[in-house]
Amino acid sequence: MSNFTSTESAVLAAIDEEQIVRDLAELVAIPSVDGAPEERDAQQWCADRLRGLGLDVDCWEIDVAEAQRQPDFPGMEVDRVDALGCVAVLGSDNGGQPALALYGHTDVVPAGDPDLWFAGDPFSMRIDDEGRAWGRGTCDMKAGVVAAIAAVAAVRRSGVSLAHPLAFHAVSGEEDGGIGAYATLRRGHRAKACINAEPTSKTLIPAHAGALTFRLEVTGLAAHGSTRTRGVSAIEKFEVVHRVLRDLETRRNVDVPSLFEHLDLAWPLSVGMVASGDWASTVPARLVASGRYGVRIDESVPAAIEAFESAVAEACADDSWLREHPVTVSWPGGMFAPGSLPAGHELLDQVSQAVTDVRGSAPTAFGGPYGSDLRQYARAGIPTLQYGPGDFNYAHAVDEHVLLDDVFACSRVFALMAVRACADN
């Protein structure tokens with residue numbers, strides 16, 4: 001580590017690694033899958049933990065129905081009738097806008113078949129001999145949540161005087177659109193800068209692509225399988241469209257900006273679900289396919305949608321059956337626009353220096369191929385980048401895990417940033 005000021009040293013010394021492990025185990029044990037009642041429980045856990053640290057906590061009921069009626073609502077892919085917001089502020093009596101907000105989402109994606117998790121129950125955290133913590137949400141992104149809370153706790157515990165408030169934003173619903181961050185920002189919570197503690201594989205992510213969920217409905221003509229030429233297979237007609245979408249993906253991945261050149265595919269187009277047919281010996285009359293469509297960093301969501309729908313329309317125009325029975329395209333669920341830190345903003349250098357001071361080497365900045373809540377904070381005028389514990393290749397994966405040493409190091413980076421942004425030095 002570098003030479004630190006006495007204030008910085010006091011805060012760094014107050015990081016409680018054992019408490020981080022306990023917090024992570026408790027939070028992982030809450031199966032806060034999107035749309036499940038436990039989403040609220042995880043948010044309540046954060047509110048209780050932060051109140052226990054003596055922070056000023058705003059914990060409120062999110063009016064989901066009212067939020068959905070707004071024209072800029074970011075979308076939602078699961079049924080959710082209620083949600084809980086949670087923002088905590090340290091040094092609120094100083095007045096003014098927080099100089100820094102740390103961000104974390106508490107919702108997780110489904111764990112899938114528990115028998116595939118060799119580490120055991122995905123919602124019971126296990127720690128192996130190499131210091132890796134296993135379980136759903138350990139990487140994406142409950143480790144980031146507890147690392148941020150530990151940093152805030154260290155500032156509080158050290159008794160360092162704050163010249164400006166420090167905030168922590170805990171949100172839910174990030175994975176399926178971002179209702180939690182949307183509601184938090186609509187409530188008026190702001191900061192001069194924000195660090196999103198998503199897993200970044202020891203890199204900095206100042207920009208990310210967008211992502212949209214598409215749905216295709218393909219019409220065919222049913223017939224007995226023994227006379228299949230009298231029918232029109234919706235599966236075969238989907239193949240026509242799928243080939244065109246593969247070509248679209250190729251065209252969209254030409255001339256990738258430098259931040260995204262490390263990716264083998266910066267803006268992927270992936271079909272994730274296909275359902276067709278109702279009897280083995282019947283030509284299928286309908287097919288429904290859903291997937292994920294990457295939005296380029298340099299385009300708007302409407303422009304990305306227009307490119308996709310034009311490609312599907314061209315595929316239909318070139319096929320005699322689809323000309324008369326065009327494929328229906330719809331856009332359910334989350335609408336993840338691209339997002340980025342303003343070019344040349346000082347936050348990138350500040351976080352890079354804090355990482356270098358803690359870890360001993362400078363991080364590289366890359367663009368992320370996925371969507372996140374960074375874009376909502378950026379849209380609200382809050383300069384934001386992503387830096388947090390975990391390798392994003394293990395996010396959403398079976399046997400998701402995180403190195404505890406990475407969690408501890410990130411917590412120290414957050415604490416150092418908190419001191420440098422908020423403390424009276």
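We did not get these values from a lab; they are worked out from the coordinates using the rules stated. Since we're looking at a predicted model, the values are computed, not measured. Ideal geometry is used to build each Cβ from the backbone, glycine not excepted, and the neighbour counts take in all protein chains shown.
Each of Thr200, Thr328 has some number of other Cβ atoms within 10 Å of its Cβ, and from fewest to most they run Thr328, Thr200.
Less than 10 Å Cβ to Cβ from Val283, Lys/Arg counted +1 and Asp/Glu -1: what total charge do the surrounding residues give?
Details: positive: Arg228, Arg230; negative: Glu236.
For residues surrounding Val283, the net value is +1.
Mind giving me the FRET efficiency for Ser258 and Glu324? R0 is 56 Å, r the Cβ-Cβ distance, nearest 0.05 is fine.
0.75
Straight-distance candidates among the lysines for linking to Lys202, with alpha-carbon spacing under 19 Å and chain neighbours fewer than 8 residues away dropped: Lys142. Considering only C-alpha atoms, what is the centroid distance from segment 394-419 to segment 59-74, in Å? Here the two parts' Cα centres lie 30 Å apart.
Below 8 Å between Cα atoms, with a sequence gap of 6+, how large is the relative contact order for segment 281-407 in percent? Let's see the in-between values first.
Numbers: 80 pairs, mean separation 25.4, N = 127.
With pairs under 8 Å counted, the relative contact order is 20 percent.
Taking Ala36, Ala88, Ala365 as the candidate residues, the one with maximal mean-square fluctuation in a Gaussian network model of the chain, Cα springs under 10 Å, is Ala36.
For the chain, what is the percent of antiparallel DSSP beta bridges, rounded to the nearest 5?
75 percent
Taking a ≥ b ≥ c as the square roots of the eigenvalues of the Cα gyration tensor, segment 338-425 is oblate, since a/c reaches 1.5 or more and a/b is not larger than b/c. Here, P(r) means the percent of Cα pairs in each 5 Å bin from 0 to the largest distance; for segment 275-425 it is 2, 7, 11, 14, 14, 12, 10, 8, 7, 5, 4, 4, 2, 0, 0, 0. Packing here is the average count of other Cβ atoms within 10 Å per residue, and on that basis the peptides 330-337, 174-181, highest first, run 174-181, 330-337.
Please arrange Thr184, Thr356, Thr213 by counting, for each residue, the other beta carbons lying within 10 Å of its beta carbon, fewest first. Before the final figure, lay out the partial values.
Numbers: Thr184 27, Thr356 15, Thr213 20.
Ranking Thr184, Thr356, Thr213 by Cβ neighbours within 10 Å, fewest first, gives Thr356, Thr213, Thr184.
Using the number of other C-beta atoms within 10 angstrom as an exposure proxy, rank Trp267, Trp321, Trp60 with the fewest first. Numbers along the way, then the final one.
Values: Trp267 23, Trp321 18, Trp60 15.
Going from sparsest to densest Cβ surroundings: Trp60, Trp321, Trp267.
Between the labelled values (i) 28; (ii) 49; (iii) 22, the entry that holds percent of Cα pairs over 37 Å apart as derived from this structure is (i). In a solvent-free Debye calculation with one equal scatterer on each Cα, what is log10 I(q)/I(0) for segment 212-335 at q = 0.11, 0.12, 0.18, 0.22 Å⁻¹, listed in the order of the q values? Scattering profile of segment 212-335, log10 relative to I(0): -0.42, -0.49, -0.93, -1.24.
In debye, nearest 20: dipole of segment 30-93 around its Cα centre with unit charges on the Cβ of K, R (+) and D, E (-)?
On the way: 5 positive and 15 negative charges, 31 e Å.
I would put it at about 140 debye.
Just want to confirm a number: the relative contact order over segment 189-290, from Cα pairs under 8 angstrom separated by 6+ residues, in percent. Averaging sequence separation for qualifying contacts and normalising by length gives 38 percent for segment 189-290.
Tell me the mean residue ellipticity at 222 nm calculated for the chain from its helices only (DSSP H runs of n ≥ 4, each -39500 (n - 2.57), averaged over every residue, nearest 500). Don't jump to the answer; show the numbers that get you there.
Working: 12 runs with 144 residues, N = 425.
One gets -10500 deg cm²/dmol as the mean residue ellipticity at 222 nm.
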